[in-house]
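Accompanying notes for the structure given below.
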Amino acid sequence: MKNSKSIKKCLFPAAGYGTRFLPATKAIPKEMLPVLTKPLLQYGVEEAIEAGMDTMAIVTGRGKRSIEDHFDVSYELEHQIKGTAKEHYLTEIRSVINRCTFSYTRQVEMKGLGHAILTGQTLIGDEPFAVVLADDLCDNDEKSVLTQMVEVYAKHPECCIVAIEEIPQEHTNKYGVISGELIEENLYKVNDMVEKPDPKDAPSNLAIIGRYILIPEIFEVIETTKPGKGGEIQITDALLTLAKEGKVLAYKFKGKRFDCGSVDGFVEATNYFYDLEKGKI
Ligand code: G1P
């Protein structure tokens, strides 16, 4: 393992079908759906860069080739708009491409988020890393959620960190839900976590959102984790094993989060970023 515990790699599971957005996602990966003019995945990559990461590891699947093309130079396009008034449209993505490297691996079978993360092991190796689920779109006018989590991790380098937020109790069946002991302001030592429990069985209303910092030990734990909810290998179940050893913290982040995996959340995010761009908020 590297001496420094700073986190340089970020894993993006991006192999899902995005069925809730059909027919839009028939030929376009859901991670490439734009909020205003920027694909969801680019927001996630920019958040990782802001948090100090420079190596983006993307777990893709069939029909996801446009992701690779997006994070690559398009010489034809560059040539076409060079010196014109439109050149600035590419400034942001060009800066992203210059500041980090991208590597890809394919998840051949859809066996759950835990399995997707295990598929990424080949790109991560033996070091702590972040995981971003691009359909949870986060925004903060100060530090991004991932930056806040990196700061928590720096103080607790033996632990995995999951981001949480309070949700209405009736929504627990859409999330991984934790319970734990408050050890610092906004920080819980997790003692239980359940994937998508019925509201009546949920250990709390603290839901995991799509930001994780994981220690490399997680890979061997996932390997021995049995399929759980929906017959899939759940990262929540693998993390529970580490939680029982006192190695999982849940951080209640500051900022906004939009569930862009649902049409309602996607529209809400679009309105929010539009208002932000127009200086209305
Ligand atoms: C996944 C995780 C879940 C987490 C959620 C956050 O579920 O399995 O624990 O709460 O992401 O968005 P998914 O939304 O992929 O079904």
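The values are calculated or read from the model by the stated rules, or taken from the named source; none is laboratory data. Since we're looking at a predicted model, the values are computed, not measured. Every residue, glycine among them, receives a Cβ derived from its backbone with ideal geometry; neighbour counts consider all protein chains shown. These accessible areas exclude ligands, DNA and RNA; they are computed on the full protein's heavy atoms, side chains included. Shrake-Rupley method; radii C 1.70, N 1.55, O 1.52, S 1.80 Å.
Inspection of segment 162-176 finds no residue satisfying the criterion of being closer than 30 Å to HIS70 by Cβ and more than 13 Å from the ligand (Cβ to nearest atom).
Pairing residues of segment 109-138 that are within 17 Å of LYS30 (Cβ to Cβ) and in a helix (DSSP H, G or I) with residues that are polar (S, T, N, Q) and modelled with pLDDT of 95 or more, at Cβ distances under 7 Å and at least 6 apart in sequence or on separate chains, gives LEU113/GLN234.
Filtering segment 189-201 to residues that are within 15 Å of the ligand (Cβ to nearest atom) and either outside any helix (DSSP H, G or I) or under 20 Å from the mean Cα position of the chain (by Cα) (or both) leaves VAL190, ASP192, MET193, VAL194, GLU195, LYS196, PRO197, ASP198. Among the residues of segment 82-103 satisfying the criterion of being modelled with pLDDT of 90 or more and β-branched (Val, Ile, Thr), which is least open to solvent (accessible area, probe 1.4 Å)? Result: VAL96.
Out of all the residues in segment 232-251, is one or more out of contact with any Ser or Thr (no Cβ under 6 Å at 6 or more places or on another chain), at positive phi, open to solvent by less than 30 Å² (accessible area, probe 1.4 Å) and not charged (D, E, K, R)?
Scanning segment 232-251 turns up at least one residue that is out of contact with any Ser or Thr (no Cβ under 6 Å at 6 or more places or on another chain), at positive phi, open to solvent by less than 30 Å² (accessible area, probe 1.4 Å) and not charged (D, E, K, R).
For segment 218-248, a residue qualifies if it is away from the ligand (no atom under 16 Å from the Cβ) and hydrophobic (A, V, I, L, M, F, W, C), and exactly one does: PHE219.
Identify, from the list ALA134, ALA154, ALA130, ALA116, the residue that is in contact with a Pro (Cβ under 8 Å, 6 or more places away or on another chain) and either open to solvent by 60 Å² or more (accessible area, probe 1.4 Å) or closer than 26 Å to PHE258 by Cβ (or both).
ALA116
Table: residues versus (1) without any contact (Cβ under 8 Å) to a residue 60 or more places away in the chain; (2) farther than 21 Å from GLN148 by Cβ; (3) under 19 Å from the mean Cα position of the chain (by Cα).
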residue: PRO227; (1), (2), (3): no, yes, no
residue: GLU232; (1), (2), (3): no, yes, yes
residue: THR241; (1), (2), (3): yes, yes, no
residue: LYS247; (1), (2), (3): no, no, no
residue: ARG257; (1), (2), (3): no, no, yes
residue: ALA269; (1), (2), (3): no, no, yes
residue: TYR274; (1), (2), (3): no, yes, no
residue: LYS280; (1), (2), (3): yes, yes, no
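Residues in segment 1-44 that are open to solvent by less than 70 Å² (accessible area, probe 1.4 Å) and of a type in the set (Val, Ile, Thr): ILE7, THR25, VAL35. Within segment 252-269, if we keep just the residues that are in a helix (DSSP H, G or I) and open to solvent by 40 Å² or more (accessible area, probe 1.4 Å), the residue that is farthest from the ligand (Cβ to nearest atom) turns out to be VAL267. If the condition is being more than 12 Å from the chain's Cα centre (by Cα) and closer than 20 Å to ASP69 by Cβ, then segment 37-59 contributes THR37, LYS38, PRO39, ILE49, THR55. With respect to the conditions (1) more than 19 Å from the chain's Cα centre (by Cα); (2) away from the ligand (no atom under 15 Å from the Cβ); (3) open to solvent by less than 20 Å² (accessible area, probe 1.4 Å); (4) not aromatic (Phe, Trp, Tyr), ILE215 lacks only one, and its number is (1).
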